[in-house]
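Chemist: Dropping a structure here in structure tokens format, bear with me for questions.
The values are calculated or read from the model by the stated rules, or taken from the named source; none is laboratory data. Given the structure is predicted, the values throughout are model-derived calculations rather than measurements. All Cβ positions, even for glycine, are placed from backbone atoms using ideal geometry, and neighbour counts span all protein chains on display.
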Amino acid sequence: MAAIGHLALGVYGFGCEDALTHLLNYLWPNVFETSPHVVQAFMACIEGMRIGLGPAKILQYSLQVTLTLTPVSLSHYCVINIMWFHIFDVIRY
């Protein structure tokens, strides 16, 4: 997961959003992990994806799981909270 996060930061601005979306689909099932080191690595990778793809795309992925009314993990709520605050930076400009 660390490699995906660093890759997302490295290709920011090069127009590789489709490849990053593919990597996000590979990464996203880890949102349901409960092990602390996996949660920390997942959150670091999501922060990299936030820079590479934008907070709107990550928030869309987060809200899809929330709207299905399934029990979600703590890291999922952390992703929603982080993206909710960063989405206003995109909207404002």
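Chemist: What residue, among those in region 60-92 that are surrounded by fewer than 11 Cβ atoms within 10 Å (Cβ to Cβ) and outside any helix (DSSP H, G or I), is modelled with the highest pLDDT?
Modeler: Pro71
Chemist: Looking at region 7-21, which of its residues are assigned to a helix (DSSP H, G or I) and over 22 Å from Trp84 (Cβ atoms)?
Modeler: Step one: filter region 7-21 for residues assigned to a helix (DSSP H, G or I), giving 7-10, 17-21.
Listed by number, the residues that qualify are Leu7, Gly10, Asp18, Ala19.
Chemist: What residue, among those in region 22-35 that are in contact with a helix residue (DSSP H, G or I) (Cβ under 7 Å, 6 or more places away or on another chain) and in a helix (DSSP H, G or I), is farthest from Lys57 (Cα to Cα)?
Modeler: Applying the first criterion (in contact with a helix residue (DSSP H, G or I) (Cβ under 7 Å, 6 or more places away or on another chain)) to region 22-35 yields 23-24, 27-28, 30-31, 33.
Those left that are additionally in a helix (DSSP H, G or I): 23-24, 27-28, 30-31.
Details: Leu23: 13, Leu24: 10, Leu27: 14, Trp28: 12, Asn30: 17, Val31: 15 Å.
Only one residue tops the list, namely Asn30.
Chemist: Kindly evaluate Ile4 against the criterion of being at pLDDT 90 or above and within 18 Å of Ile87 (Cα to Cα). Before you say what the answer is, go through the steps one by one.
Modeler: On the way: at pLDDT 90 or above: yes; within 18 Å of Ile87 (Cα to Cα): no.
For Ile4, the condition - at pLDDT 90 or above and within 18 Å of Ile87 (Cα to Cα) - is not met.
Chemist: Still on this model: For region 11-61, which residues satisfy the criterion of being without any contact (Cβ under 8 Å) to a residue 12 or more places away in the chain and charged (D, E, K, R)?
Modeler: The answer is Asp18, and nothing else.
Rundown of residues vs (1) surrounded by 20 or more Cβ atoms within 10 Å (Cβ to Cβ); (2) under 13 Å from the mean Cα position of the chain (by Cα); (3) at pLDDT below 95, yes/no style:
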site	(1), (2), (3)
Leu9	no, yes, yes
Phe14	no, no, yes
Tyr26	no, yes, yes
Glu33	no, no, yes
His37	no, no, yes
Phe42	yes, yes, yes
Glu47	no, yes, yes
Ile51	no, yes, yes
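Chemist: Select from region 3-22 the residues that are under 20 Å from Ser75 (Cα atoms) and in contact with a Gly (Cβ under 9 Å, 6 or more places away or on another chain) and list them in ascending order.
Modeler: Initial filter on region 3-22 (under 20 Å from Ser75 (Cα atoms)): 3-6, 8, 21.
Matches in region 3-22: Ile4, Gly5, His6, Ala8.
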